[in-house]
Number of protein chains: 2
Amino acid sequence: MLHEEVVGRIRDILLDGEIPPGARIPERELCERLEISRTPLREALKVLAAEGLVQLLPHRGSRAAKLTDKDMRDLFEVCQGLEALAGELACERITDREIAEIAAAHAAMVQHYREGDLIQYYRGNRTIHEGIVNAAGNPVLTGLYASVTARIRRARYVTPMTPQRWAFAVSEHEAILNALQRRDGAGLSHILRAHLRHKREEVLQAGFAEADGSEFTLKIA
Amino acid sequence: MLHEEVVGRIRDILLDGEIPPGARIPERELCERLEISRTPLREALKVLAAEGLVQLLPHRGSRAAKLTDKDMRDLFEVCQGLEALAGELACERITDREIAEIAAAHAAMVQHYREGDLIQYYRGNRTIHEGIVNAAGNPVLTGLYASVTARIRRARYVTPMTPQRWAFAVSEHEAILNALQRRDGAGLSHILRAHLRHKREEVLQAGFAEADGSEFTLKIA
DNA sequence: TTTTGTATTTTTGAATGCAAAATTTGGAAT
DNA sequence: ATTCCAAATTTTGCATTCAAAAATACAAAA
């Protein structure tokens, strides 16, 4: 198994919450599961620590990073900035073909909305945002965006989706597609910022306090 | 020596150009120099590869990453976006004390300009930009900014600094400080973007093509 | 001389081994 | 029963070792 694959596998395990935030990462166990020895595993953990998904405690092993409200706010803020930048650049560079692809993804997403399929809706949503970032044609940006959204991802699904919020999000997406089709960089950037700000407010309002995965929980009587 | 220290030491060696871009990274040698074995060294190299400073070639070791013009353009673009975001956030959050510190750094930098001390000028310049990013109060942003600027850094010093360019850069910095003191987020964001765009144009115009550090060079007659 | 095939050496990537540090366990004292 | 301390165990971090892959050296043939 290649190094990058090991990193990817462990990242997925963390993002799926299989090792919950704050929980210790069981080296021995992961080694057996991935059928590798400790050396490549530990290399991967250091990389993931640099990405912010893992927290290394000297002489005390590693834990799945636990995000505080502040962390989540910071991540959303940066994500907003990156998407706004991507929007501007995308409008300068996007091809008609790419616009058509995003429009198709948008139509599919709206269809999922109509059918009330939240999971598929989220998937389509992600495709659109990634499409815009890719259309910016900047691999550095793509990389940072991937890293930031990976850390956010878990939180995005904790917010209870109400009919009003959902309808509003879809309307924002209409505006996003519209700005993109007009290649209105400033406009798209503005809408994306607002869209992300709303999402952030929802997540934080829902009291995002990442579940503690430690083995014991203090209960104060 | 702690893991993070190893990463830092190697990062410095790369950023100083001691191992030139494109050159092979001599594992054995670095081990002796840092007085560590291959295991922690290789852990550090993987982290630096994730940062984009090192290129890993499966079964062929690692090289210091060589940046193309396109890479440099991409990095500047993202750096612009990050600084613009930092500027906006900083204006919302910066304290009077922090503004005073940046003003002092600005004054010192102008003094270095008057004295014609380019090295100290660059150092002061960096202090100011980092000060603004720090004032944004967003560690995620600070981290990404550090990673991006690290990769850019080498290129910033390759541009020949002409008197006109230098004077103009200083005037831009006057505007930056001014916007910050007025806490004019939109204005600061705009000026920072322009400032970075100018720097990027200089660097790319100067024909940034990173020197090849490989042992042999092809000369076509 | 140039090219091609083979043997040797070097280097890489990963498993194992080992000392130091931290955690847990068990028992004695309160 | 609870607290405290020392011994035992586990876990960590790094050095070493080992097999596989790549690079190199070298010799033979064209």
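The values are calculated or read from the model by the stated rules, or taken from the named source; none is laboratory data. Quick caveat: nothing in here was measured; it's all calculated off a predicted structure. Reconstructed Cβ throughout: ideal geometry from the backbone, glycine too, with neighbour counts over all protein chains shown. Areas reflect the complete protein model, heavy atoms only, side chains present, ligands, DNA and RNA absent. Shrake-Rupley method; radii C 1.70, N 1.55, O 1.52, S 1.80 Å.
May I ask for the accessible area buried between chains B and A, both sides summed, probe 1.4 Å, to the nearest 100 Å²? Present the calculation step by step, with values, prior to reporting the outcome.
Working: alone 12160 and 12130 Å², together 21950 Å².
In total, this chain pair buries about 2300 Å².
May I ask you to report, in nm to one decimal and beginning with the shortest, the distances from B:Tyr122 to the same position in the other copies, taking label points 7 Å along Cα-to-Cβ?
Distances between equivalent label points, in nm: 4.7.
Which residues, if any, in the stretch A:76-123 have at least 50 Å² less accessible area in the whole protein complex than in the isolated chain, probe 1.4 Å?
Listed by number, the residues meeting the 50 Å² cut-off are A:Glu77, A:Val78, A:Leu85.
What does the accessible area of B:Asp71 come to, in Å² to the nearest 10, when a probe of 1.4 Å is used?
Solvent-accessible area, nearest 10 Å²: 50 Å².
When Rg is the radius of gyration of the Cα atoms in chain B and Rh is its Kirkwood radius, what does Rg/Rh come to?
1.01
Give the nm distances, rounded to one decimal, from A:Pro160 to the matching residue in every other copy, measuring between label points 7 Å along Cα toward the beta carbon; shortest first.
Result for A:Pro160, in nm, nearest copy first: 6.8.
Past the 33 angstrom mark, what percentage of all C-alpha to C-alpha distances in the protein assembly as shown do you count? List each step's numbers first, then the result.
Values: 41355 of 97461 pairs.
Distances greater than 33 Å cover 42 percent of the Cα pairs.
If you count only protein heavy atoms with a 1.4 Å probe, what accessible area per residue comes out for the protein assembly as shown, rounded to a whole Å²? Intermediate values should be presented prior to the final figure.
On the way: 21950 Å² over 442 residues.
Per-residue value: 50 Å².
At most 16 other C-beta atoms within 10 Å and a DSSP loop state: those are the exposed chymotrypsin sites (Phe, Trp or Tyr not before Pro) I care about. Give me the longest piece of chain A that has none. Mind showing how you got there, number by number?
Details: sites that count: A:Tyr157, A:Phe216.
Between exposed loop sites, the widest span is A:1-156.
For the protein assembly as shown, with all protein chains present and a 1.4 Å probe, just round the carbon and sulfur fraction of the accessible area to a whole percent. Intermediate results must be reported in sequence, preceding the final value.
Numbers: 11440 of 21950 Å².
Carbon-and-sulfur percentage of accessible area, whole number: 52.
Kindly express, to the nearest 10 degrees and within the range 0 to 90, the angle between helix B:3-15's C-alpha long axis and the longest C-alpha principal axis of chain B.
So the helix axis and the longest Cα principal axis differ by about 80 degrees.
What nm distances, shortest first, do you get from the label point of A:Gly17 to those in the other copies when the point sits 7 angstrom along Cα to Cβ?
With the label placed 7 Å along Cα→Cβ, A:Gly17 yields 5.0 nm.
Between the stretch B:90-113 and the stretch B:39-84, what's the alpha-carbon centroid distance in Å?
One Cα centre to the other: 31 Å.
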